[in-house]
1. Report, ordered by the first and then the second residue, all pairs with beta carbons closer than 6 Å, sequence separation of six or more or different chains, a first member in segment 23-52 that is under 18 Å from residue 191 (Cβ atoms), and a second member that is hydroxyl-bearing (Ser, Thr, Tyr) and modelled with pLDDT of 80 or more.
2. Working only within segment 178-208, note down all residues that are polar (S, T, N, Q) and either at pLDDT 75 or above or over 27 Å from residue 253 (Cβ atoms) (or both).
3. Kindly provide the set of residues from segment 18-58 that are exposed (fewer than 14 other Cβ atoms within 10 Å of the Cβ), among the hydroxyl-bearing types (Ser, Thr, Tyr) and within 16 Å of the chain's Cα centre (by Cα), ordered by number.
4. Can you say whether residue 162 is of a type in the set (Gly, Ala, Ser), modelled with pLDDT of 80 or more and exposed (fewer than 13 other Cβ atoms within 10 Å of the Cβ), as far as the supplied structure shows?
5. Just to check your reading of the model, which residue among 122, 175, 132 is modelled with pLDDT of 85 or more and either under 26 Å from the mean Cα position of the chain (by Cα) or not in a helix (DSSP H, G or I) (or both)?
6. I'm told residue 231 meets every condition in (1) open to solvent by 50 Å² or more (accessible area, probe 1.4 Å); (2) of a type in the set (A, V, I, L, M, F, W, C); (3) closer than 30 Å to residue 46 by Cβ; (4) at pLDDT 85 or above except one. Can you identify the failing condition by its number?
7. Pick from 254, 261: which is without any contact (Cβ under 8 Å) to a residue 12 or more places away in the chain and open to solvent by 80 Å² or more (accessible area, probe 1.4 Å)?
Amino acid sequence: HGEYSFAGCRFVGSLQAFRYWISELQRSSSGQKARLWLALFKCFRWTLLVHGILFFILLSPPILLAVLVGYLSQYFCEKSSLEGELTLLKAINNSDLVGSKEEEIRTATRDAYLYATGITLLIFWSTSVYSLVFYYGQKVGMMFRIVMIGAIYSKVVKLSQSTIGKLSIGHIVNLASNDVQRFDMALEFVHVLWTAPLFIILTTYLLWREIGPSCLTALAVILLQTPIQCASSILFARWRLKSARVTDKRVRVMNEIISGMR
């Protein structure tokens, strides 16, 4: 077990995770339930924190882009009116107001260039961070998968011969290769659980500033979709459990067929 090295990053592997799991098992001896997720979280809390920060940075540019695009659109909408007022002031030969209006146009143009530069930088930043965030998410999933495969190995070598006789090699291989792979997919988007409510609140605030109470309609639609998505997720989880049982049965039957052929 000990320490592993993955993509240049050293992290404490199965040994530390097993220590946390042993503490959870000691906790369960007093009648409380052992929590595997808590043991894994304690083992990789700092790695998950870094991934969460990167995920937050990835989702922030779209909101800032919307704000900057709004300011830039407002400049183009007001540009024609400002130029029309300047032409009118020049026609009446009012030099004082002409100077102030020209300064106002120059200030608005300068701000528009800053908004355009900000949009360009945010697009570049979002494109650069996107691959890094999902790479780091896959790396975190790989860390979890290594620990779980080590736990499966440690459990199997401690089983008695009678218990091992009830299990097939295919079933164990399916656990270590297929079921544990779900960590890779889940940990890429696990931080949506806390970033999504945060960005919904922030977006609602920005919309409230622009259109007032009308933004609550969009918020109501999102809130109404939440129970539907939860129900569909629960239903999908049940189907996934049935699929896993069928897969285990298929692997067991194929192992028996191959053993019979030998």
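1. 51/136
2. Within segment 178-208, 181, 195, 203, 204 meet the criteria.
3. Residues satisfying the conditions do not exist here.
4. no
5. Unique residue meeting the criteria: 122.
6. Residue 231 satisfies all of (1) open to solvent by 50 Å² or more (accessible area, probe 1.4 Å); (2) of a type in the set (A, V, I, L, M, F, W, C); (3) closer than 30 Å to residue 46 by Cβ; (4) at pLDDT 85 or above except (3).
7. Of the residues listed, the single one that is without any contact (Cβ under 8 Å) to a residue 12 or more places away in the chain and open to solvent by 80 Å² or more (accessible area, probe 1.4 Å) is 261.
For every residue, the table says whether it meets (1) more than 30 Å from residue 111 (Cβ to Cβ); (2) of a type in the set (Asp, Glu); (3) modelled with pLDDT under 85.
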| site | (1), (2), (3) |
| --- | --- |
| 2 | yes, no, yes |
| 27 | yes, no, yes |
| 36 | yes, no, yes |
| 39 | yes, no, yes |
| 58 | no, no, yes |
| 65 | no, no, no |
| 74 | no, no, yes |
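The values are calculated or read from the model by the stated rules, or taken from the named source; none is laboratory data. A quick note: this is a predicted structure, and the numbers were derived from the prediction, not measured. Every residue, glycine among them, receives a Cβ derived from its backbone with ideal geometry; neighbour counts consider all protein chains shown. Just the protein is used for accessible areas: all its heavy atoms, side chains included, with ligands, DNA and RNA removed. Shrake-Rupley method; radii C 1.70, N 1.55, O 1.52, S 1.80 Å.
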